[in-house]
Amino acid sequence: MIKCKDIVVKYDNFIAINKINLFVSKNTSCAIIGKSGCGKTTLLYTLAGLLQPENGQVEIDNKLITGIRKETGVILQNHGLFPWKTVWQNVSLGLKIRRKKPNFIKKEVATILKKLDIFEQKDKYLNQLSGGQKQRVAIARSIAIKPDLLLMDEPTSSLDAITKEDFQKKILKLYKNQDLTMVFVTHDIEEAVFLGQKIIIMEAGKIKREISNDLFGNESIKKEIDFYKICLEVRDILGES
Ligand SMILES: Nc1ncnc2c1ncn2[C@@H]1O[C@H](COP(=O)(O)OP(=O)(O)O)[C@@H](O)[C@H]1O
Ligand SMILES: [Mg+2]
């Protein structure tokens with residue numbers, strides 16, 4: 001589904017992505033992990049069509065990406081929500097822009113908010129929510145448009161440990177209950193192994209290693225010793241230079 005061929009992404013003369021080849025199959029999940037500044041966000045933005053590669057190309061479902069694609073849901077690092085709008089308004093926005101009928105919007109938004117346990121907060125403004133609730137609103141908003149591809153940049157980085165685990169479980173459930181390809185950036189090794197079917201380890205604008213994670217999909221994976229073995233493997237690769 002996602003095919004990156006020899007992509008090079010530059011900021012002026014600085015090469016942030018240096019000939020990356022990446023393939024992510026449809027309806028699978030891919031984690032991107034690596035040290036700060038290695039190019040994770042740049043790669044994600046390129047998949048989103050927000051940045052254009054200088055060389056090489058990105059294809060999604062065999063179509064060349066030259067800009068933003070309407071079936072791609074994106075959650076940027078600062079989650080891009082509108083603080084002066086309510087939860088309900090934030091989540092329904094994408095559907096309104098797409099001119100869906102009010103009855104349809106009402107039903108869809110209610111279903112999604114319930115799925116993510118934020119229905120009771122629907123009339124609150126964003127600044128009245130906790131960090132975890134805000135992140136759930138961000139997810140709700142991006143899945144309301146029924147994306148076939150969800151891109152997330154460090155979706156849990158601002159959350160405390162317990163809220164983070166809860167949020168990760170909600171994402172896994174959501175992913176399992178619909179057709180969705182998911183690519184997310186994280187600096188958290190356990191998160192990469194919990195939510196990534198494939199784990200891409202980046203270093204200095206390149207892919208250093210790719211791991212396929214057979215344990216993916218099991219919600220109780222963290223009770224298995226093999227989970228920590230994969231975490232250690234990722235840690236070792238991150239530490240090598
Ligand atoms: N707008 C920009 N202009 C110039 N350099 C940038 C810009 N954004 C990122 N960079 C540089 O590109 C590299 C990769 O950045 P980024 O993709 O944000 O890394 P990561 O998300 O892995 O921390 C870093 O060295 C960063 O300083
Ligand atoms: Mg980043």
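The values are calculated or read from the model by the stated rules, or taken from the named source; none is laboratory data. Owing to the predicted nature of the structure, the values given are computational and were not obtained by experimental measurement. When we count neighbours, we look across all protein chains shown, and the Cβ atoms used for this are built from the backbone with ideal geometry, even at glycine.
Observations
- Some residue of region 147-168 being more than 13 Å from the chain's Cα centre (by Cα) and within 19 Å of residue 1 (Cβ to Cβ): no
- Filtered by the rule that a residue be in a loop (DSSP other than H, G, I, E, B), within 20 Å of the chain's Cα centre (by Cα) and in contact (Cβ under 8 Å) with a residue 24 or more places away in the chain, region 70-115 gives 70, 71, 76, 77, 79, 80, 81, 82.
- Selection status of residue 192, of a type in the set (A, V, I, L, M) and free of Cβ contacts under 8 Å to residues at least 60 places away in the same chain: no
- Residue list for region 1-29, restricted to those being more than 16 Å from ligand 2 (Cβ to nearest atom), touching an Asp or Glu at 6+ places or on another chain (Cβ under 9 Å), not polar (S, T, N, Q) and not in a loop (DSSP other than H, G, I, E, B): 2, 3, 4, 5, 7, 8, 10, 15, 19, 22
- Of everything listed in (1) of a type in the set (Asp, Glu); (2) touching a residue at least 12 places away in the same chain (Cβ under 8 Å); (3) in contact with a helix residue (DSSP H, G or I) (Cβ under 9 Å, 6 or more places away or on another chain), the single unmet condition for residue 120 is (2).
- Test: residue in region 44-62 that is modelled with pLDDT under 95, aliphatic (A, V, I, L, M) and more than 16 Å from ligand 2 (Cβ to nearest atom): no
- Among the residues of region 150-188, just one is of a type in the set (Gly, Ala, Ser) and free of Cβ contacts under 8 Å to residues at least 12 places away in the same chain, namely 161.
- Scanning region 34-60 for residues that are within 6 Å of ligand 1 (Cβ to nearest atom), crowded, with 16+ Cβ neighbours inside 10 Å and part of a loop (DSSP other than H, G, I, E, B) returns 38, 39.
- Restricting attention to region 165-211 and to residues that are within 14 Å of residue 153 (Cα to Cα) and polar (S, T, N, Q), the residue that is nearest to ligand 1 (Cβ to nearest atom) turns out to be 186.
- Test: residue in region 204-221 that is within 16 Å of ligand 2 (Cβ to nearest atom), small (Gly, Ala, Ser) and within 20 Å of residue 34 (Cβ to Cβ): yes
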